[in-house]
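All remarks here apply to the structure that follows.
The values are calculated or read from the model by the stated rules, or taken from the named source; none is laboratory data. On a predicted model such as this, the values are computed, not experimentally measured, just so you know. All Cβ positions, glycine included, derive from the backbone under ideal geometry; neighbour counts span all protein chains shown.
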């Protein structure tokens, strides 16, 4: 919303520097996005009349123009444009004048002819982008005047951002009212002066849809269509609208001034000389002023002529059929109140947002329609020879009564933390149009006041809304800042959140960097990662690449690894913690949303001078899993060889926590790597972190280390290739019993001597008792139990 | 040997030992000196054997002299041994410790996680807890309970991505973390002192400033007697704690459906410390987020009595915070996961 200061001053004696006024506007929530001083860069440009035009003797495209700056001393300029005629008043920048961009004029020769300055096009004056020709001013413009005065350029325009709750501030008068209140100066909204009425053939008005159009004012009359005078054109231009003709300009002017959108119909073109307001038929069409045919639905409101032929989409845009034109002599002026949600729906569905719809959407003042129509006729009279006809039509079956809201002084202070009295509160509200009336006896003794809310403030329905008004005008930054004192101080992270932080820290320590990938993926992303290309779909994705909710983190993380590889960074270790989305459980609407952890390791590890390079393999991923399990102190977790989507068969394992599979770890399938353009091996894991973080943890209880010596034995078994080391270790640990202090695999060995599909697994076992030194016999017995158990469970034989 | 002779001998030997020991250049030479001055054939040995011939009353003093000699020579030997070992480099293989160390090295936390955790810490220190919620939400939690009934015009403030679940437009990708406010309040009665970080979604095309996926953090306080002054004070306290002393905040009226009064808050520009720079458009202030007093309609949706309790909420975007604070030019950098970017932080 562009608010020229000169226009605001029509309503209140507003004084102050532009920056101070901007601060005040910001302070009351009318956010200043920019301050424009359109004439700031122009100096010394004057108005002149064209006296004579002749061709430049040496240049076909140039003209020699004699102009009169008002003092009778004609001067000659060379000009490249030809859109003016003798007698036109145009802007002239004489030598010494300044134009935007720091351009200072000098007298100079152009193709041998002296030019005393130049005539200016609008773009040269910084007024618009128009460079189609010299700017032609109104014929009655006085000569020799400073152009800034003539065009009203010695002005400041505030570009304001108006929040959706402030329909009143979508008008110059509304901004002036708020600003005047903040500055403590009086605000006056002049009452439109009446003018002589004439008799015209009466028009008719029927409102079929009063719920969507609670009020419709129609005022007919006679007008003479012509270009607007300079002041009108300037004000509209400064407020960001293009002047069209005096009649149309008046409707726009009043909309900007009072916030009430108006529409002028050519009365002669309204069939049956009347208006019908009705709902559209499903599929009905209308061609709007922008020459687009619009198809309507039964939820759209139409303004039709008396023959029920559509003439406008109510509150959004007029139709071409009854547009005011140069031959219009009688108009029907519409000033209506359409309900906000209806206009919002229509404008949203049509993708058509206009100055008019923007105001109706927020809610216009139902009790301001007649005044706006009268104001328009006052202006028609002034600049369009307008004469209103007798018998204004006003369909307002159920007048909107202003509501009353009770405001408790104590409540104001409770919410704001202020110490305001009833009178200061009243002093903030009254200038905004809230009319206080003391509550009748017995209602409240401590300063509750009932306020009548002006109907231009539909946002103020409740006590809290009035409290906001008090806060705005008291000044948010004048409220003393305090700190809340929790009555029951608690807080801190939950064990789940602590655990997640521990996992992050552990993975950082293990050399991984954290990635954030999009939770929106494409079916192709999933297919590339070896997963079914399915997921929960979006209703309205912007791009196919972001059409599914990810069912796993790994596809995105693999893509991130591929991105790095593509940028010459083939060796990365990344992890991500994020939500994944599975179809809703039966009977529920929301997805089964889980938190997952994924890890990807690519390329070569330890590219160091003191060690040989080594490509990543599944053990690297398992190592990171161990780090996570260790950081959390998981009580019961293991890996079970298992196939998993996207992993290389035979080189993957299920992650089992508390007896339940929570994910997979291993090496990424070569086909997946090929699709993603990842050359080397890729190790990866993905687990349901929600499960991991809530899994059972080792008990944290101290056990005093035994003082007695340990007995260590090494056992190498020959087993079938299919026997997992982890399973063998669990068997041994079970057989070894409570005296086992530590166990680990220290060698895996295969040879021809062992035979095909056989391997040797060597374990180190350390036994110790807490209360004595173990005897050779005891250790020998334990050793035999281990050997027997291995033979029984895995068909293992002790390697000789 | 008399006591005097004995003492004189030890003094002379001690002086000689000092010279010899200091001259020793190798461990072997030092061992030689040790034998010469403390060994079986040393003067010490001779003195020890002669003590028994002394008068009984002289024996303690002789013993003291012997002890002093042994201590002095031993210390000298030790000192020399240490000195020699310090310079005994040629005996071991040199280790070039300027080579990179062994180990996986330390990784890097994503910048958004870092910013989020730093912010969480500030509020944990103020006694808040951290709450989380689902990223896919029903219309009720994302809009309706936040005082945006169906067709409320303020819904157009967010470009919403809808999920093909439930009734049409019933399930959304949350456009803000505010639904977590509702879930927290539904789950219990006040007091509530909570921050809610999380991932949010908007129907935006990825460009320098916008991303369909982004992160927010919100705060919610509900208790008896919470005021707008408490809100302003909390924003101020957070500003000081996070950006450092000398940083302050200011509020200006704004509009959000779920707060009333509503405000936007700005903080002293942390690039120029308020002097005015290109980042803050020469104003000295950076617009950070929105805040306000919880609207009574929100309390009604969760069954809180708005006469008994008042509360405030605030929120802002983590990407924007990180971009301004660390000079990140393109929001895309947060989601490309280029390790050259990740490793900067």
From the list B:81, B:59, exactly one residue is in contact (Cβ under 8 Å) with a residue 12 or more places away in the chain and either touching a strand residue (DSSP E or B) at 6+ places or on another chain (Cβ under 9 Å) or more than 14 Å from chain A (Cβ to nearest Cβ) (or both). Which is it?
B:81
The listed residue being surrounded by fewer than 18 Cβ atoms within 10 Å (Cβ to Cβ), more than 23 Å from residue B:310 (Cα to Cα) and in contact (Cβ under 8 Å) with a residue 12 or more places away in the chain, out of A:400, A:371:
A:400
Only one residue in A:405, A:400, A:412, A:364 is in contact with a helix residue (DSSP H, G or I) (Cβ under 7 Å, 6 or more places away or on another chain), assigned to a loop (DSSP other than H, G, I, E, B) and within 14 Å of another protein chain (Cβ to nearest Cβ). Which one?
A:364
From B:246, B:166, grab the single residue that is at pLDDT below 95, outside any helix (DSSP H, G or I), surrounded by fewer than 22 Cβ atoms within 10 Å (Cβ to Cβ) and within 7 Å of another protein chain (Cβ to nearest Cβ).
B:166
Quick check on my filter: what residues within segment A:121-162 are in contact with a helix residue (DSSP H, G or I) (Cβ under 8 Å, 6 or more places away or on another chain) and within 14 Å of another protein chain (Cβ to nearest Cβ)?
A:160, A:162
Condition check for residue A:766: touching a strand residue (DSSP E or B) at 6+ places or on another chain (Cβ under 8 Å), more than 29 Å from residue A:642 (Cβ to Cβ) and either surrounded by fewer than 15 Cβ atoms within 10 Å (Cβ to Cβ) or in contact (Cβ under 8 Å) with a residue 40 or more places away in the chain (or both)
yes
Scanning segment A:49-102 residue by residue, the ones that are under 52 Å from the mean Cα position of the chain (by Cα), farther than 17 Å from residue A:132 by Cβ, assigned to a loop (DSSP other than H, G, I, E, B) and modelled with pLDDT of 90 or more total 4
Could you please find all residues in segment A:610-637 being surrounded by fewer than 17 Cβ atoms within 10 Å (Cβ to Cβ), under 23 Å from residue A:506 (Cβ atoms) and more than 14 Å from every other protein chain (Cβ to nearest Cβ)?
A:617, A:630, A:633, A:635, A:636
Quickly run through segment A:124-142 and pick out the residues that are over 42 Å from the mean Cα position of the chain (by Cα), within 22 Å of residue A:63 (Cα to Cα) and exposed (fewer than 12 other Cβ atoms within 10 Å of the Cβ).
A:139
Search segment B:130-158 for residues being in a loop (DSSP other than H, G, I, E, B) and under 36 Å from the mean Cα position of the chain (by Cα), and hand back the single one that is modelled with the lowest pLDDT.
B:158
Tell me which residues, restricted to segment A:701-736, are within 17 Å of residue A:788 (Cα to Cα), in contact with a strand residue (DSSP E or B) (Cβ under 9 Å, 6 or more places away or on another chain) and exposed (fewer than 14 other Cβ atoms within 10 Å of the Cβ).
A:714, A:720
Answer yes if at least one residue in segment B:89-108 is more than 35 Å from the chain's Cα centre (by Cα), surrounded by fewer than 20 Cβ atoms within 10 Å (Cβ to Cβ), at pLDDT below 95 and within 14 Å of another protein chain (Cβ to nearest Cβ), and no otherwise.
yes
For segment A:581-609, how many residues meet the condition of being within 11 Å of chain B (Cβ to nearest Cβ), farther than 24 Å from residue A:666 by Cα and at pLDDT below 95?
4
Give me the residue from segment A:455-465 that is within 28 Å of the chain's Cα centre (by Cα) and not in a loop (DSSP other than H, G, I, E, B) and, out of that set, nearest to the other protein chains (Cβ to nearest Cβ).
A:464
Extreme residue, surrounded by the most Cβ atoms within 10 Å (Cβ to Cβ), among residues of segment A:20-51 that are free of Cβ contacts under 8 Å to residues at least 12 places away in the same chain and within 14 Å of chain B (Cβ to nearest Cβ)
A:26
Residues located in segment B:123-163, provided they are in contact (Cβ under 8 Å) with a residue 60 or more places away in the chain, more than 7 Å from chain A (Cβ to nearest Cβ) and buried (at least 18 other Cβ atoms within 10 Å of the Cβ)
B:123, B:126, B:131, B:132, B:133, B:145, B:146, B:147, B:148
In segment A:109-119, what residues are in contact with a strand residue (DSSP E or B) (Cβ under 6 Å, 6 or more places away or on another chain) and in a strand (DSSP E or B)?
A:110, A:113, A:115, A:118, A:119
Name every residue in segment A:168-204 that is out of contact with any strand residue (DSSP E or B) (no Cβ under 7 Å at 6 or more places or on another chain), assigned to a helix (DSSP H, G or I) and within 22 Å of residue A:238 (Cβ to Cβ), in order of residue number.
A:168, A:169, A:173, A:174, A:176, A:177, A:178, A:179, A:180, A:183
Exactly one of these conditions fails for residue B:112: (1) at the interface with another protein chain (Cβ under 7 Å from one of its Cβ atoms); (2) on the phi < 0 side of the Ramachandran plot; (3) not in a helix (DSSP H, G or I). Give me its number.
(3)
Taking segment A:515-540 as the region of interest, how many residues are facing chain B (nearest Cβ under 7 Å) and either surrounded by fewer than 19 Cβ atoms within 10 Å (Cβ to Cβ) or within 20 Å of residue A:667 (Cα to Cα) (or both)?
4
Just wondering, is there one or more residues in segment B:318-341 that are closer than 23 Å to residue A:160 by Cβ, more than 9 Å from every other protein chain (Cβ to nearest Cβ) and not in a helix (DSSP H, G or I)?
no
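Conditions tested, residue by residue: (1) within 19 Å of residue A:369 (Cβ to Cβ); (2) in contact with a helix residue (DSSP H, G or I) (Cβ under 6 Å, 6 or more places away or on another chain); (3) modelled with pLDDT of 90 or more; (4) more than 14 Å from chain B (Cβ to nearest Cβ).
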site: A:292; (1), (2), (3), (4): no, no, yes, yes
site: A:307; (1), (2), (3), (4): no, yes, yes, yes
site: A:311; (1), (2), (3), (4): yes, yes, yes, yes
site: A:321; (1), (2), (3), (4): no, no, no, yes
site: A:328; (1), (2), (3), (4): no, no, yes, yes
site: A:337; (1), (2), (3), (4): yes, yes, yes, yes
site: A:343; (1), (2), (3), (4): yes, yes, yes, no
site: A:347; (1), (2), (3), (4): no, yes, yes, no
Going by what's in this entry, would residue A:452 be described as within 7 Å of another protein chain (Cβ to nearest Cβ) and either loosely packed, with under 15 Cβ neighbours inside 10 Å or touching a strand residue (DSSP E or B) at 6+ places or on another chain (Cβ under 7 Å) (or both)?
no
Which residue out of B:218, B:186 is more than 11 Å from chain A (Cβ to nearest Cβ), in contact (Cβ under 8 Å) with a residue 60 or more places away in the chain and in a strand (DSSP E or B)?
B:218
